[in-house]
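> Please find one structure pasted underneath; my questions will follow.
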Amino acid sequence: MASGVKRIAILGSTGSIGQQALDIIRAFPARFQVSGLAAGKNIKLLAQQLEEFKPEMFFCSIESDFSYQGKFMPMEEMVSQEDIDLVVIATSGKAGLFPTIAALQAGKTVALANKEVLVAAGDIVTAEANHHGVHILPIDSEHSAIWQCLLGEESQPHRLFLTASGGPFYRYPQSKLDQVTVEQALHHPIWKMGKKVTINSATLLNKGLEVIEAHYLFAIPLERIEILIHPQSIIHSIVEFVDGSLKAQLGFPDMHLPIQYALCYPERLPNPDLPRLDLSRGKVLTFEPVDYAQFPCLKLALDAAKSGGTYPAVLCAADEVAVELFLQGKIKFTDIATIVSKALEQHQNIAQPSIEEILAVDEQTRETTLQIASQVSLC
Ligand code: MN3
């Protein structure tokens, strides 16, 4: 970074996090250079982004007819280029796995938003990061909060408290959960996010994935990570130290803030575009324990985490299929937990799996989940 300009590759640039990362880059044009953009199927938006940021490299996962001067390049190759300083992994699902490993092997700092990368392959990914001495910077608000609380501390944290808003169905009558619509589930009370993570926030499976991520990012045992329902989403997470002291990070609930922190780290820069929290207006902050009976998906995720091996990969793949079926109106909201639970039950665990085994389990799980779903939705 001799020039002081960070050269960035953003994988998943057309998704919710990718677009917000580009907002931050737009706010600090002198600080960043977009060197590579990669998208899935949203070719129209990618074309606009290429036009605006003019990266040397680009990638999209489908055939397209638009012409762009830059070099079309597979993501693994893009992130390994010598002149890349920072790789933002904002892809969804397993698409981020190989590019993350390639970036770490090339010694690149990775800003990670893709949950499945650490959930499905946490042992492999953290081993690569440690082996190459590179940092994984969290983008998710809870992990960004913990990261910020731990900076400057020499002692290991005693416990982590991940906060959860509770989503749209917190305190919703449990007997009526099977009737909720896609619109209701997509209407998150606090956060604006992509569809899959919004549904995962409604089932709270998302919080289970975040527990697993925190376990890997901060090398802390699962049993020392707790979940607190905090409906206002002002405190983004809390670290408890051995002496009983707690540190929390607060901020307006807007993903731009943790994204900017990861992109600009170790600097903090003033950004007038970001909303600010005004505590003088009498905010009431409340906390309560999570009701596992209300959110069976959360329990499934935590159990998969404890079992380890390929269970977390099954969890991710089965959930992705079930959430998609729910979004298509093919299953009920409560079927998501039933289907994911059956997929986990049917799985034969592999301890310490290789990447190839994880990907094979992912494929297999998608098939079995569709079969399970076809039986469930007939009832
Ligand atoms: Mn989060």
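The values are calculated or read from the model by the stated rules, or taken from the named source; none is laboratory data. Treat the numbers as computed from the prediction; the structure is a model and nothing was measured. Heads up, the Cβs are rebuilt from the backbone with ideal geometry, glycines too, and the neighbour counts pull from every protein chain shown.
> What residue, among those in the stretch 195-229 that are within 12 Å of the ligand (Cβ to nearest atom) and of a type outside the set (A, V, I, L, M), is farthest from Gln156 (Cα to Cα)?
Selected residue: Thr198.
> Further question on the same structure: Could you tell me which residue of the stretch 95-117 is farthest from the ligand (Cβ to nearest atom), considering only residues that are in a helix (DSSP H, G or I) and out of contact with any strand residue (DSSP E or B) (no Cβ under 7 Å at 6 or more places or on another chain)?
Gln105
> Moving to a separate point now. Can Glu183 be described as of a type outside the set (A, V, I, L, M, F, W, C) and either more than 21 Å from Lys330 (Cβ to Cβ) or not in a helix (DSSP H, G or I) (or both)?
Answer is no for this residue.
> Identify, by number, the condition in (1) under 16 Å from Glu213 (Cβ atoms); (2) surrounded by fewer than 22 Cβ atoms within 10 Å (Cβ to Cβ); (3) in contact with a helix residue (DSSP H, G or I) (Cβ under 7 Å, 6 or more places away or on another chain); (4) not polar (S, T, N, Q) that His132 doesn't meet.
Answer for His132: the failing condition is (1).
> Please determine whether any residue of the stretch 118-125 is within 16 Å of the ligand (Cβ to nearest atom) and in contact (Cβ under 8 Å) with a residue 40 or more places away in the chain.
yes
> Still on this structure, please answer the following. Taking the condition in a loop (DSSP other than H, G, I, E, B), away from the ligand (no atom under 15 Å from the Cβ) and not assigned by TED's automatic domain parsing to the domain that holds Gly208, does Thr91 pass?
yes
> I need a count of the residues in the stretch 55-73 that are under 26 Å from Thr109 (Cα atoms), surrounded by 14 or more Cβ atoms within 10 Å (Cβ to Cβ) and not small (Gly, Ala, Ser).
Matching residues across the stretch 55-73 total 8.
> Can you list residue pairs whose Cβ atoms sit under 8 Å apart, with the first residue in the stretch 243-257 being assigned to a helix (DSSP H, G or I) and the second being β-branched (Val, Ile, Thr)? Count only pairs 6 or more apart in sequence or on different chains.
So the pair list comes out as His256/Ile24.
A quick yes/no check of all residues on (1) free of Cβ contacts under 8 Å to residues at least 40 places away in the same chain; (2) within 19 Å of the chain's Cα centre (by Cα); (3) assigned to a helix (DSSP H, G or I); (4) outside the structural domain of Val119 (by TED's automatic domain parsing):
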{"site": "Pro312", "(1), (2), (3), (4)": "no, yes, yes, yes"}
{"site": "Leu315", "(1), (2), (3), (4)": "no, yes, yes, yes"}
{"site": "Asp319", "(1), (2), (3), (4)": "no, yes, yes, yes"}
{"site": "Ile331", "(1), (2), (3), (4)": "no, no, no, yes"}
{"site": "Thr338", "(1), (2), (3), (4)": "yes, no, yes, yes"}
{"site": "Ile358", "(1), (2), (3), (4)": "no, yes, yes, yes"}
{"site": "Thr365", "(1), (2), (3), (4)": "no, no, yes, yes"}
{"site": "Thr369", "(1), (2), (3), (4)": "no, no, yes, yes"}
{"site": "Gln375", "(1), (2), (3), (4)": "yes, no, yes, yes"}
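> One residue is enough: does the stretch 274-297 have a residue meeting the conditions at pLDDT 95 or above and assigned to a helix (DSSP H, G or I)?
Checked the stretch 274-297: at least one residue is at pLDDT 95 or above and assigned to a helix (DSSP H, G or I).
> So which residues in the stretch 137-151 are within 14 Å of the ligand (Cβ to nearest atom), closer than 17 Å to Leu228 by Cβ and not in a loop (DSSP other than H, G, I, E, B)?
Answer for the stretch 137-151, where residues must be within 14 Å of the ligand (Cβ to nearest atom), closer than 17 Å to Leu228 by Cβ and not in a loop (DSSP other than H, G, I, E, B): Ser141, Glu142, His143, Ser144, Ala145, Ile146.
> Can I ask one more? Six or more apart or on different chains, Cβ under 6 Å: which pairs go from a residue in the stretch 190-207 that's assigned by TED's automatic domain parsing to the domain that holds Ala21 and in a helix (DSSP H, G or I) to one that's aromatic (Phe, Trp, Tyr) and crowded, with 19+ Cβ neighbours inside 10 Å? Could you list them?
none
> Of the residues Gln249, Gln174, which single one is over 19 Å from Ala305 (Cβ atoms) and either under 17 Å from the mean Cα position of the chain (by Cα) or modelled with pLDDT of 95 or more (or both)?
The unique qualifying residue is Gln249.
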